[in-house]
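> Before we start, here is the structure in question, set down as structure tokens.
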Amino acid sequence: MFGVWAPGEEVAKLTFYGLYALQHRGQEAAGIAVTDGSQIVVFKDLGLVSQVFDEQVLSSLRGHLAIGHTRYSTTGSTTWENAQPTFRTTQVGSGLALGHNGNLVNTADLLAHAREAGALGNAGANATSDSDLVCALLAAEAADAGLEQAALRLLPTLRGAFSLVFCDESTLYAARDPQGVRPLCLGRLERGWVVASETAALDIVGASFVREVEPGELIAIDEDGLRSSRFAAPEPKGCVFEYVYLARPDTTIAGRSVHAARVEIGRRLAEEHPAEADLVIPVPESGTPAAIGFAQASGIPYGQGLVKNSYVGRTFIEPSQTIRQLGIRLKLNPLREVIRGKRLVVVDDSIVRGNTQRALVRMLREAGAIEVHVRIASPPVRWPCFYGIDFASRAELVANGLDVDGIRRSIGADSLGYVSLDGLIAASEQPRTRLCSACFDGNYPIPLPDEAKMGKFLLEGIEKGVAGAAEPVLLNGYGAEDAVRRP
Ligand code: SF4
């Protein structure tokens with residue numbers, strides 16, 4: 001997610017490069033909304049940033065203010081309508097555009113409120129994401145109060161994880177939930193301001209880091225400068241998984257370099273779960289810093305044993321059954337001459353379902369490894385995330401039904417070790433009280449509603465009359481079978 005207010009700059013191109021730097025946070029769809037002060041134009045589509053935008057499109061997006069988004073879905077299907085920025089017309093101006101990183105947990109209640117307020121009926125109503133619901137509610141509220149006051153009224157009613165960027169024709173807004181689950185930072189350009197999900201995106205567009213958007217803070221930026229308001233008291237609970245996997249290594253969150261945290265996790269992993277081996281190899285990319293830390297602490301040489309194809313994303317080319325069977329090889333290929341005859345330590349960031357690691361261990365043995373010791377830079381994922389990561393249902397999590405030795409046998413490794421939660425938290429250098437670690441320990445810092453009021457396809461399910469809905473609503477549906485798939 002990215003936003004820029006910079007008169008005189010090519011804001012759409014800056015946003016494109018910002019999104020390019022943030023591609024890892026969402027690969028299903030990309031979009032940019034730009035305004036020249038009189039109207040908002042939104043261009044979005046399914047696909048990677050580089051697939052959605054070209055020179056011609058970017059040159060046509062002119063203005064002084066832009067926001068952009070790359071989508072990773074946690075509520076709502078992967079459809080064009082659910083791509084962001086989502087857009088709603090308003091009575092006070094031409095409209096408002098919004099991008100959201102995170103996932104709300106009171107979507108069902110908000111939907112009921114939106115219906116009461118008659119907020120769902122205007123353009124964009126085919127979307128089925130919690131983000132579009134927020135956009136619709138903001139647009140409705142803005143009719144009375146203007147957008148800034150509307151945000152100050154609405155934001156305290158949202159529950160869950162939300163880092164937001166939104167804009168009308170004149171003003172760029174950024175807001176972060178009171179827990180600050182997902183990162184959001186503020187940067188300065190010579191002639192303007194930037195907000196971005198990660199500090200790495202500031203670097204890439206030449207902006208200097210100013211500070212993080214505080215949990216519970218709303219920032220507004222326009223020709224009068226920058227205004228900051230509090231809509232809720234901060235109760236920081238940053239996502240600890242950002243340090244393990246989600247964020248780029250060249251990003252800093254809450255003052256801690258993600259790369260340094262990952263190296264430290266690897267060091268602690270080596271202390272907690274040593275191995276007799278000849279070589280430490282990472283599962284690239286997110287396992288790399290932890291593998292370096294493991295090698296440093298253990299004294300075992302570090303090497304590259306797997307080559308990653310970085311360009312495997314959503315290609316929209318449906319793989320045939322034969323190609324599908326290649327599975328992991330589409331992403332990773334072993335360097336046989338490095339691996340052959342070695343006792344390997346393989347460092348990966350996490351195990352969710354276990355399928356990847358099972359295929360990986362088999363592939364390394366086929367490539368000639370004589371022992372494979374798997375080390376994981378996070379504790380076992382035992383609980384689903386409801387705050388912006390679509391891990392799997394609890395039943396699908398391999399650590400849900402098995403102990404560590406059971407998982408070792410399931411993936412076929414000679415030994416398996418996970419870093420402890422204490423070790424992970426210490427490596428993040430954050431106080432435990434300021435972190436969310438619910439997927440590891442089940443302690444959800446933001447209360448969850450009944451199961452019937454949650455689920456990725458909640459809004460589609462409600463429309464179909466399932467998932468506990470009382471009656472149909474305007475939002476489109478995509479199949480009742482989807483609706484029963486809950487985290
Ligand atoms: S449940 Fe896990 S992935 Fe989700 S916000 Fe908490 S720490 Fe992050």
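The values are calculated or read from the model by the stated rules, or taken from the named source; none is laboratory data. If you're wondering where the values come from, they're calculated on a predicted model, not measured in any experiment. In this analysis, Cβ positions are derived from the backbone assuming ideal geometry, glycine residues included, and neighbour counts consider all displayed protein chains. Surface areas here come from the heavy atoms of the whole protein model, side chains and all, with no ligands, DNA or RNA. Shrake-Rupley method; radii C 1.70, N 1.55, O 1.52, S 1.80 Å.
> Conditions: (1) over 23 Å from the mean Cα position of the chain (by Cα); (2) open to solvent by less than 10 Å² (accessible area, probe 1.4 Å). Residue 130 meets all but one. Number of the miss?
Going through the list (1) over 23 Å from the mean Cα position of the chain (by Cα); (2) open to solvent by less than 10 Å² (accessible area, probe 1.4 Å), residue 130 breaks only (1).
> If you don't mind, there's one more thing I want to ask. With the condition kept exactly as written, say whether any residue in the range 105-122 is acidic (Asp, Glu) and closer than 26 Å to residue 444 by Cβ.
Yes, the conditions are met somewhere in the range 105-122.
> Same structure, new question: So if I check each of 60, 38, which one is more than 27 Å from residue 146 (Cβ to Cβ) and surrounded by fewer than 23 Cβ atoms within 10 Å (Cβ to Cβ)?
Result: 60 is the single residue among 60, 38 that is more than 27 Å from residue 146 (Cβ to Cβ) and surrounded by fewer than 23 Cβ atoms within 10 Å (Cβ to Cβ).
> Now, a different point. Could you say which residue among 336, 365, 382, 314 is open to solvent by 70 Å² or more (accessible area, probe 1.4 Å), away from the ligand (no atom under 16 Å from the Cβ) and either modelled with pLDDT under 95 or not assigned by TED's automatic domain parsing to the domain that holds residue 261 (or both)?
After applying the criteria, what remains is 314.
> Separate question: For residue 456, all conditions in the list (1) open to solvent by 30 Å² or more (accessible area, probe 1.4 Å); (2) farther than 28 Å from residue 338 by Cα hold save one; what is the number of the exception?
Failing condition for residue 456: (1).
> Another question, then. Among the residues of the range 387-419, what is the count of those that are assigned to a helix (DSSP H, G or I) and either open to solvent by less than 10 Å² (accessible area, probe 1.4 Å) or of a type outside the set (Ser, Thr, Tyr) (or both)?
Count: 14.
> Kindly provide the set of residues from the range 192-206 that are closer than 19 Å to residue 32 by Cβ and either part of a helix (DSSP H, G or I) or touching an Asp or Glu at 6+ places or on another chain (Cβ under 9 Å) (or both), ordered by number.
192, 198, 200, 201, 202, 204, 206
> Considering only residues that are open to solvent by less than 60 Å² (accessible area, probe 1.4 Å), within 16 Å of the ligand (Cβ to nearest atom) and outside any loop (DSSP other than H, G, I, E, B), look in the range 229-250 and name the one that is modelled with the lowest pLDDT.
The qualifying residue modelled with the lowest pLDDT is 246.
> Then there is this: Please go through the range 420-439 and pick out each residue that is outside any helix (DSSP H, G or I) and within 14 Å of the ligand (Cβ to nearest atom).
430, 435, 436, 437
> Now a separate question. Give me the residue from the range 17-32 that is modelled with pLDDT of 95 or more and within 19 Å of residue 250 (Cα to Cα) and, out of that set, nearest to the chain's Cα centre (by Cα).
Filtering first and then ranking leaves 22.
> Identify, from the list 123, 161, 119, 142, the residue that is at pLDDT 95 or above and of a type in the set (A, V, I, L, M).
On inspection, the qualifying residue turns out to be 161.
> Can you tell me which residue among 148, 217 is in contact (Cβ under 8 Å) with a residue 40 or more places away in the chain, more than 26 Å from residue 82 (Cβ to Cβ) and surrounded by fewer than 18 Cβ atoms within 10 Å (Cβ to Cβ)?
148 is the lone residue from the list that is in contact (Cβ under 8 Å) with a residue 40 or more places away in the chain, more than 26 Å from residue 82 (Cβ to Cβ) and surrounded by fewer than 18 Cβ atoms within 10 Å (Cβ to Cβ).
> Are any of the residues in the range 165-182 within 23 Å of residue 223 (Cβ to Cβ) and under 15 Å from the mean Cα position of the chain (by Cα)?
There is at least one residue in the range 165-182 that is within 23 Å of residue 223 (Cβ to Cβ) and under 15 Å from the mean Cα position of the chain (by Cα).
> Within the range 153-188, track down each residue that is out of contact with any Phe, Trp or Tyr (no Cβ under 7 Å at 6 or more places or on another chain) and more than 23 Å from residue 25 (Cα to Cα).
Hits for the range 153-188 are 153, 154, 157, 168, 169, 170, 171.
> Right, another one. Go through the range 265-288 and report how many residues are assigned to a helix (DSSP H, G or I), crowded, with 24+ Cβ neighbours inside 10 Å and touching a Gly at 6+ places or on another chain (Cβ under 6 Å).
As a first pass, look at the range 265-288 and keep what is assigned to a helix (DSSP H, G or I): 265-272, 288.
Now drop any that are not crowded, with 24+ Cβ neighbours inside 10 Å, which leaves 265-266, 269-270.
In the following step, the residues that additionally are touching a Gly at 6+ places or on another chain (Cβ under 6 Å) were identified as 266.
Residues in the range 265-288 being assigned to a helix (DSSP H, G or I), crowded, with 24+ Cβ neighbours inside 10 Å and touching a Gly at 6+ places or on another chain (Cβ under 6 Å): 1 in total.
> Going by the structure shown, is residue 258 open to solvent by 10 Å² or more (accessible area, probe 1.4 Å) and either out of contact with any strand residue (DSSP E or B) (no Cβ under 7 Å at 6 or more places or on another chain) or over 28 Å from residue 90 (Cβ atoms) (or both)?
Against the criterion (open to solvent by 10 Å² or more (accessible area, probe 1.4 Å) and either out of contact with any strand residue (DSSP E or B) (no Cβ under 7 Å at 6 or more places or on another chain) or over 28 Å from residue 90 (Cβ atoms) (or both)), residue 258 does not qualify.
> Of the residues 180, 118, 95, which is open to solvent by 10 Å² or more (accessible area, probe 1.4 Å) and at positive phi?
Within the list 180, 118, 95, the selection yields 118.
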